[in-house]
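Visitor: Handing you this structure, nothing more for now.
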Amino acid sequence: MLDLRSDTVTRPTPGMLAAMAAAEVGDEQEREDPTTNELQRRLAELLGHEAALFLPTATMANQIALRVLSRPGGKVVAEERTHVLIYEWGGPAIHSGLVMQGLPGEAGRLAPEQVEELEDFGPGSVLVLENTHRSSGGRVWPLDELEAAAAAARARGAAVHLDGARLFNAAVAAGLEPAAWASLADTVTVCFSKGLGCPFGAVLAGSAETIERAWEGKFLFGGALRQSGVAAAAMLYALDHHVERLADDHARAKRLAAGLGLDPGDVETNFVPLPDAPGLAGRLRERGVLVGDLRPGWLRAVTHLDVGDEEIELAIERMREVVAVRA
Ligand SMILES: Cc1ncc(COP(=O)(O)O)c(C=O)c1O
């Protein structure tokens, strides 16, 4: 079975497992886990912030960020198909007492005017920007557009959180450092269980003061671990071995799109959006290919660490008949 549902389906590689087994560990809650401390130091630097915090999931990182940046009764505003608004179980309302407002966007992006026109948006509220943007098909925010949206929020006195669960994909696709986008936000989440191939793990970065407050959230949300260095070692391994290779995933996604008669120009990173049709996912499964949901009316085929050139050619062969005819 070719599993193209998501880049989260990867298994740790032998090299990653060896790094995990060899990890030097300590009690994370006492800030004594050397591998986790090293991960946090490297990520703060890489993301252009003073400090960083290891967390088990990107959802927890996003939710802690919102709690730290906001006040109950404030708003969280984002493009309407942003992960924090639709896939985090109402977390911003439940955990932080925030009013959740989605705005229509183009390829997951918001224009500064949309932020300027918001009602009841100011200190205590947060603008969330997602890069790459999942539900638009892994699209990348151009730096100047993200900067303009973030500046519009700041001009209102609101904070800015960047959900960069797939920020490394954006960086590799655009040929920019992750810090280029990350340093424009008050806080940034990056996730290691997606294209980077780790079993789990995310990092939240921000100012030293913000990250101190995020530590409280880590305890409050039950995300303060003990020998977390086992996970951090996998994440450090991924930083050293799995970032540049994301370019291969992107090239393979373009190849898949072209092979299916879709426009490779719509593929910016590792997602191939597929127009949905009744029973399409089931027919693909029967042919040995698993695809995932993207948004209503669209499915996705996602390339990742466990999909090589051969698998892509096989996927094209198996999918062409059912997908290309429709496209
Ligand atoms: C854009 C985005 N943010 C956050 C998350 C949440 O990640 P996690 O599963 O680590 O909580 C995901 C997961 O798919 C995502 O796509």
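Visitor: How many Å² of accessible area per residue for the chain, probe 1.4 Å?
Guide: 40 Å²
Visitor: A251 versus D144, label points 7 Å from Cα toward the beta carbon: distance in nm?
Guide: Taking the simple label geometry, A251 and D144 are separated by 3.0 nm.
Visitor: Once you place label points 7 Å from the Cα toward the Cβ at A21 and R71, how far apart are they in nm?
Guide: Distance between label points: 5.4 nm.
Visitor: May I pose another question? Calculate, in whole percent, how much of the Cα-Cα pair population of the chain lies beyond 34 Å.
Guide: 23 percent
Visitor: Accessible area of S135, 1.4 Å probe, to the nearest 10 Å²?
Guide: Accessible area, nearest 10 Å²: 0 Å².
Visitor: How much solvent-accessible surface does D293 expose, in Å² to the nearest 10, with a 1.4 Å probe and all protein chains in place?
Guide: 110 Å²
Visitor: When the solvent-accessible surface of protein heavy atoms is calculated with a 1.4 angstrom probe, in what order do T132, T210, T59 fall, highest first?
Guide: T59, T210, T132
Visitor: Next question, about the same structure. Per 5 Å bin, what percent of the C-alpha pairs of region 206-245 does each bin hold, from zero upward?
Guide: 6, 20, 15, 18, 21, 14, 6, 0
Visitor: Please provide three numbers in whole Å: the alpha-carbon extents of region 1-130 along the principal axes, with the largest listed first.
Guide: Result for region 1-130: principal-axis Cα extents of 53, 44, 28 Å.
Visitor: Then there is this: Given a 1.4 Å probe and heavy atoms of the protein chains only, how would you sort H161, H95, largest accessible area at the top?
Guide: H95, H161
Visitor: Can you compute the label reach from L176? Point 7 Å from Cα along the Cβ direction, backbone N cut-off under 16 Å, restricted to region 268-286.
Guide: Within reach of a label on L176: 268-269.
Visitor: Starting from the Cα gyration tensor of region 109-247, take the square roots of the eigenvalues, sort them a ≥ b ≥ c, and report rounded, prolate or oblate (rounded when a/c is under 1.5, otherwise prolate if a/b is larger than b/c, else oblate).
Guide: oblate
Visitor: Right, here's the next one. Which of the three applies to region 172-289, rounded, prolate or oblate, going by the alpha-carbon gyration tensor with a ≥ b ≥ c and a/c under 1.5 meaning rounded? Working shown, then result.
Guide: On the way: a/c = 2.27, a/b = 1.83, b/c = 1.24.
Note, shape of region 172-289 comes out prolate.
Visitor: Quick one: how many Å² of F168 are accessible to a 1.4 Å probe, rounded to 10?
Guide: The accessible area comes out at roughly 10 Å².
Visitor: Counting DSSP beta bridges in region 140-220, what percent are antiparallel, to the nearest 5?
Guide: In region 140-220, DSSP labels about 50 percent of beta bridges as antiparallel.
Visitor: Another question about this same structure. Whenever you get a sec, compute what percent of the accessible area on the chain sits on carbon and sulfur atoms (1.4 Å probe).
Guide: 50 percent
Visitor: Right, next: Give the ranking of T8, T303 by solvent-accessible surface, highest area first, calculated with a 1.4 Å probe.
Guide: Highest to lowest solvent-accessible surface, that is T8, T303.
Visitor: Moving on. To check you understand DSSP bridge types, tell me what percent of the beta bridges within the chain (both residues inside) are antiparallel, rounded to 5. The partial results should precede the final answer.
Guide: Values: 19 of 39 bridges.
Within the chain, antiparallel bridges account for around 50 percent of the total.
Visitor: Under a Cβ-Cβ cut-off of 14 Å, what is the net charge of the residues other than L196 that fall near it, where Lys and Arg count +1 and Asp and Glu count -1?
Guide: On the way: positive: R11, R42, R166, K194, R245; negative: D7, D240, E244, D248, D249, D306.
That sum, taken over residues with Cβ under 14 Å, equals -1.
Visitor: Give me the net charge for the shell around A233: Cβ to Cβ below 12 angstrom, other residues only, Lys and Arg +1, Asp and Glu -1.
Guide: Summing Lys and Arg as +1 and Asp and Glu as -1 gives -4.
The values are calculated or read from the model by the stated rules, or taken from the named source; none is laboratory data. Quick caveat, the model's predicted, so the values are computed rather than measured. Neighbour counts run over all protein chains shown; Cβ positions are idealised from the backbone, glycine included. Only protein heavy atoms, including side chains, enter the accessible area calculation; ligands, DNA and RNA are left aside. Shrake-Rupley method; radii C 1.70, N 1.55, O 1.52, S 1.80 Å.
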